[in-house]
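The values are calculated or read from the model by the stated rules, or taken from the named source; none is laboratory data. Everything numeric in this text was worked out from a predicted model, so none of it was measured. Quick reminder, even Gly has a Cβ in these numbers, built from the backbone with ideal geometry, and neighbours come from all protein chains shown. Quick note on the areas: whole protein, heavy atoms, side chains included, nothing else; ligands and nucleic acids left out. Shrake-Rupley method; radii C 1.70, N 1.55, O 1.52, S 1.80 Å.
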Amino acid sequence: MERLRDRTDELELIISSLTIFALFSLPGWLYDKIADIYTHLSTSLVIASTVGTALLTGTSYGLAACFVVHLMARAYWVGLIGLRTVFPDGINWSKTPGLGPLSRQYYRETLPDLDTVIQNTDRLASSLFAVISMLTLSVIWFGAILVVILVVSGTVGARFGLTNTGMYIGMAVLLVLFIAV
């Protein structure tokens, strides 16, 4: 089980790194693609592209920042493992200059051992990864629902010559659904 756990940490690092690269690259690529076809889009596709582009850009940068925080926690964890490799017995309290016996005893009782810090940092990084991944999936679902509602309501509104009114009604229905839930 421990070997599987170590492999999970490696997968987290790989997934986070690739996700950060993709999330920082996505908005520029998306704006280029939309700019190429924007004048040829129908009303419903203009609605979908405008809302989708705004949501994806903000979401991409926000989630990329979250994954950067995860990578920082993992980098700290890797540094702690390196520290344990160099100093397997921990702090040599007899070689701490400038500390009197009371200070040495205080720090010995106060400071956690290196293995505890490594385990806590590992738990923090794994928790961050899980929360950020769930946040990513939630935002994707919310964005997909929002785009579908706006396209459908904008298309229905366009049939009656009231595109914006249709979109406002669709947004109101979506807001009521989220409040009800």
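A few comments on the model shown:
- Here Glu109 meets the list (1) under 30 Å from Ser42 (Cβ atoms); (2) open to solvent by 80 Å² or more (accessible area, probe 1.4 Å) almost entirely, failing just condition (1).
- Just one of the listed residues (Ser127, Ser133) is within 23 Å of Trp77 (Cα to Cα), open to solvent by less than 70 Å² (accessible area, probe 1.4 Å) and modelled with pLDDT of 90 or more, namely Ser127.
- The condition (being of a type in the set (A, V, I, L, M), open to solvent by less than 50 Å² (accessible area, probe 1.4 Å), in contact (Cβ under 8 Å) with a residue 24 or more places away in the chain and in contact with a Phe, Trp or Tyr (Cβ under 8 Å, 6 or more places away or on another chain)) is satisfied by just one residue among Leu150, Leu114, Leu174: Leu114.
- The residue that is nearest to Ser44 (Cα to Cα), among those in the stretch 136-147 that are open to solvent by less than 80 Å² (accessible area, probe 1.4 Å) and not aliphatic (A, V, I, L, M), is Gly143.
- In the stretch 139-157 there is at least one residue that is in contact with a Leu (Cβ under 9 Å, 6 or more places away or on another chain) and closer than 29 Å to Asp9 by Cβ.
- Residue selected from the stretch 57-116 under the condition among the β-branched types (Val, Ile, Thr) and in a loop (DSSP other than H, G, I, E, B), by the criterion nearest to Ile15 (Cα to Cα): Ile91
- Residue match in the stretch 155-164 (condition: open to solvent by 90 Å² or more (accessible area, probe 1.4 Å), assigned to a helix (DSSP H, G or I), among the β-branched types (Val, Ile, Thr) and touching a Ser or Thr at 6+ places or on another chain (Cβ under 9 Å)): no
- Test for Ala48: is it open to solvent by less than 80 Å² (accessible area, probe 1.4 Å), more than 21 Å from Ala125 (Cβ to Cβ), part of a helix (DSSP H, G or I) and of a type in the set (Gly, Ala, Ser): yes
- Residue within the stretch 89-105 that is of a type in the set (Phe, Trp, Tyr), open to solvent by 80 Å² or more (accessible area, probe 1.4 Å), out of contact with any strand residue (DSSP E or B) (no Cβ under 6 Å at 6 or more places or on another chain) and more than 30 Å from Ala158 (Cβ to Cβ) present: no
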